[in-house]
Amino acid sequence: MAALTVTPQAVRLSGGFLTLEEIVAIARPGRLVELDPDPGYRRHIEAGRHTLERKLARGEIVYGVNTGFGGNARFVIPAGELAHHQENLLEFLSCGVGEPIPEDLVRAAVLLRANALARGLSAVRTVVIERLLDLLNHGITPVVPRYGSVGASGDLCPSAYIARALLGRGEVYYR
């Protein structure tokens with residue numbers, strides 16, 4: 001099943017597989033993209049978020065949400081510090097260097113991240129996916145340095161720069 005279906009107004013994202021042609025159509029500005037508006041589909045995305053919220057409300061420990069990462073996973077983050085913990089993670093991972101990655105490649109990364117989140121398995125709110133699509137639709141491209149940290153997996157540093165743009169931080173290309 002293709003993740004993108006062309007509609008008269010926009011290309012519709014629904015979390016399925018993407019073809020190279022579909023990725024290029026969005027990565028190179030000109031095509032709009034939207035999240036599938038089907039209420040059942042959106043409920044599926046939100047169900048994952050509600051599951052996470054219930055676990056946290058019961059005091060369950062969820063790796064990376066209310067714990068540290070890697071070797072710091074043994075440290076539980078107090079509930080009142082969770083937002084600060086998540087923001088600190090973005091700052092910690094924003095350690096890239098080098099020339100910026102070309103805009104169309106960053107746009108492709110934004111699309112692929114939105115598509116992965118649209119599968120409904122990451123416990124994000126629907127609005128996070130919609131804001132990623134807003135970056136694409138409004139021609140706002142985060143500036144992402146070419147090289148990341150040796151200590152982080154390949155997509156964490158670039159993803160941190162993209163996420164920071166959603167918070168109004170970092171640099172972006174616009175017009």
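For this structure, a couple of remarks:
- Ellipsoid semi-axes in whole angstrom, largest first, where each is sqrt(5λ) of the Cα gyration tensor of segment 88-175: 19, 16, 11
- Identified option (computed semi-axes √(5λ) of the Cα gyration tensor in Å; candidates (i) 24, 17, 16; (ii) 30, 27, 12; (iii) 28, 22, 13): (iii)
- Under 5 Å from the amide H of GLU171 lie the amide H atoms of VAL143, each residue being 5 or more positions distant or on a separate chain, with H modelled from the backbone and absent for Pro and chain starts.
- Over the chain: helical MRE at 222 nm, DSSP H runs n ≥ 4 each giving -39500 (n - 2.57), nearest 500: -14000 deg cm²/dmol
- Amide H partners (placed H, <5 Å) of VAL11, local residues excluded: LEU32, VAL33, GLU34
- In order along segment 39-51, phi translates into HN-Hα couplings of x, x, 5, 5, 5, 4, 5, 5, 4, x, 5, 5, 4 Hz, rounded to whole numbers, per the Karplus curve 6.51 cos²θ - 1.76 cosθ + 1.60 with θ = phi - 60° and x for Gly and Pro.
- Note that segment 162-175 has calculated 3J(HN,Hα) couplings of 5, 5, 4, 4, 5, 8, x, 10, x, 10, 9, 8, 8, 6 Hz, one per residue in order, obtained from phi through the Karplus relation 6.51 cos²θ - 1.76 cosθ + 1.60 (θ = phi - 60°); glycine and proline are x.
- Probe 1.4 Å - accessible area at PHE75, Å² to nearest ten: 100 Å²
- Fraction of beta bridges assigned by DSSP in the chain that are antiparallel (%, nearest 5): 70 percent
- Only protein heavy atoms count here; under a 1.4 Å probe, LEU32 has an accessible surface of about 80 Å².
- ILE61 accessible area, 1.4 Å probe, all protein chains in place, Å² to nearest 10: 110 Å²
- Take every pair of alpha-carbon atoms less than 8 Å apart whose residues are at least six positions apart; their mean separation over the length of segment 1-95 yields a relative contact order of 14 percent.
- Estimated vicinal HN-Hα couplings, Hz - segment 87-97 in sequence order (Karplus 6.51, -1.76, 1.60; Gly, Pro = x): 5, 4, 4, 5, 5, 4, 7, 8, 10, x, 9
- Normalised by residue number, the volume inside the convex hull of the Cα atoms of segment 9-65 is 122 Å³ per residue.
- Total formal charge among the other residues, if their Cβ is under 13 angstrom from that of ARG125, Lys/Arg +1 and Asp/Glu -1: +1
The values are calculated or read from the model by the stated rules, or taken from the named source; none is laboratory data. This one's a predicted model, so the numbers in the text were calculated from it and none came from an experiment. Backbone-built Cβ (ideal geometry, glycine too); neighbour counts: all protein chains shown. These accessible areas exclude ligands, DNA and RNA; they are computed on the full protein's heavy atoms, side chains included. Shrake-Rupley method; radii C 1.70, N 1.55, O 1.52, S 1.80 Å.
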